[in-house]
1. Please go through the range 286-310 and give me each residue that is under 14 Å from GLY233 (Cα atoms), in contact with an Asp or Glu (Cβ under 9 Å, 6 or more places away or on another chain) and either at pLDDT below 95 or not aliphatic (A, V, I, L, M) (or both), ordered by number.
2. Mind listing whichever residues of the range 13-35 are closer than 14 Å to ASP196 by Cα and in a loop (DSSP other than H, G, I, E, B)?
3. Within the range 120-141, track down each residue that is of a type in the set (Val, Ile, Thr) and within 13 Å of the ligand (Cβ to nearest atom).
4. Just give me the residues in the range 67-79 being crowded, with 22+ Cβ neighbours inside 10 Å and within 15 Å of VAL101 (Cα to Cα), in sequence order.
5. Out of all the residues in the range 346-357, which are under 20 Å from ASN224 (Cβ atoms) and modelled with pLDDT of 90 or more?
6. In the range 240-290, which residues are in a helix (DSSP H, G or I) and among the hydrophobic types (A, V, I, L, M, F, W, C)?
7. So in the range 48-63, with the set limited to residues that are away from the ligand (no atom under 16 Å from the Cβ) and assigned to a helix (DSSP H, G or I), which one is surrounded by the most Cβ atoms within 10 Å (Cβ to Cβ)?
8. Residues VAL287, VAL294: which one is crowded, with 22+ Cβ neighbours inside 10 Å and over 28 Å from THR167 (Cβ atoms)?
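The values are calculated or read from the model by the stated rules, or taken from the named source; none is laboratory data. A quick note: this is a predicted structure, and the numbers were derived from the prediction, not measured. Cβ: placed from backbone, ideal geometry, glycine included. Neighbour counts: every protein chain shown.
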Amino acid sequence: EKGGFDHFMLKEIYEQPRSIKDCMRGRIYPEEGKVQLGGIKEFAEKLKNIDRIIIVACGTSWHAGLVGEYLIEEYARIPVEVEYASEFRYRNPIITEKDVVIAISQSGETADTMAAIEMAKERGATIFGICNVAGASIPRLTHAGVYTHAGPEIGVASTKAFTAQVTVLTLMAFYMAQQKGTITTSKLIELLTELDHIPEKIQVALESNDLIKEVAEKIKDSTNCLFLGRGSGFPVALEGALKLKEISYIHAEGYPAAEMKHGPIALIDEEMPVVFIATQNSSYEKVISNIQEVKARKGKVIAIVTQGDTEVKKMADYCIEIPDANEAFLPLIATIPLQLLSYHIAVMRGCNVDQPRNLAKSVTVE
Ligand code: F6R
């Protein structure tokens, strides 16, 4: 049942080239520059005139929501707010009939996310769901939705469901952009053609497994770890930190790299590994100066870099390469080495990777 892998988590990490392909199947038409999302088709007209999108979710799904915020604002030019379902439901949020709420949930059963949906629905919003488990409670509560089709996720720590959520959000961002006319067909052709090949790039990212294992060996005895990124690398950093803390029980924090000097920098010494998302994109130069700041304080730097990088390699203690990609698709690829890093560290520390202590696969009580 684990398909020759030692744990479900590892199997599910390796399934990602396939699960992302399954998620995109029948939804993208690269030659025509077209995205089709049958699940939300009846709202195609409405999407032309919405004021705002509110994304509600918990945990890893909330991190996917943050990636969605970057993509929707960038391409569809619709303001997006990303909320923890548990906070949103107990505030008195301002919601109108012109709002679209997107609820993201792997299990489709998370209590706080369900309550947030119910509240937004009562106040007249249109609710879309992004779920993995077909026929679960959340897909039944929403007006429309798009399934992630990642297949059953057994490992408690979410891996392939996260990248499938990000894939759906990418498709939604392009779909909304297409409806609103904020993107040209030629741009969509270019983006969808690249997206179509992302599964192969994820395959390449998986090939760094042996190197990642070596890095894991070097930092496995740490008591703390920082994850830093900018732009859409920031939610990737948050997700990397959550994965590490939940399965290895090492205290980890994700931060926007620039926030480091507003507090976390005080923690840095030779005992502190700092994982940077340092790929070549619009924030590359800024991230490099953040790496310098960590090195100046003797922190141990592990960097996720673009293949062929030379700048970061001069400074970092360990570099893990990933294939180059448009910034829009970076989270899909950069997440892979972080999943593997957490996995190996947890195995080396003798942790129960598939069923970490105190955690459950679906959180049906608030
Ligand atoms: C972390 C993890 C949790 C879930 C969260 C929401 O690896 O799995 O943080 O993401 O409990 O669950 P869903 O997506 O089922 O609503």
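1. Listed by number, the list holds a single entry, THR306.
2. Selection gives ARG25, GLY26, ARG27, PRO30, GLU31, GLU32, GLY33.
3. ILE130, VAL133, ILE138
4. If the condition is that a residue be crowded, with 22+ Cβ neighbours inside 10 Å and within 15 Å of VAL101 (Cα to Cα), then GLY68, ILE72 are the ones that fit.
5. Result: ALA346, VAL347, MET348, ARG349, GLY350, CYS351, PRO356.
6. Hits for the range 240-290 are ALA241, LEU242, LEU244, ILE247, ALA257, ALA258, MET260, ILE265, ALA266, LEU267, VAL287, ILE288.
7. Among those that are away from the ligand (no atom under 16 Å from the Cβ) and assigned to a helix (DSSP H, G or I), it is LYS48.
8. Matching residue, one of VAL287, VAL294: VAL294.
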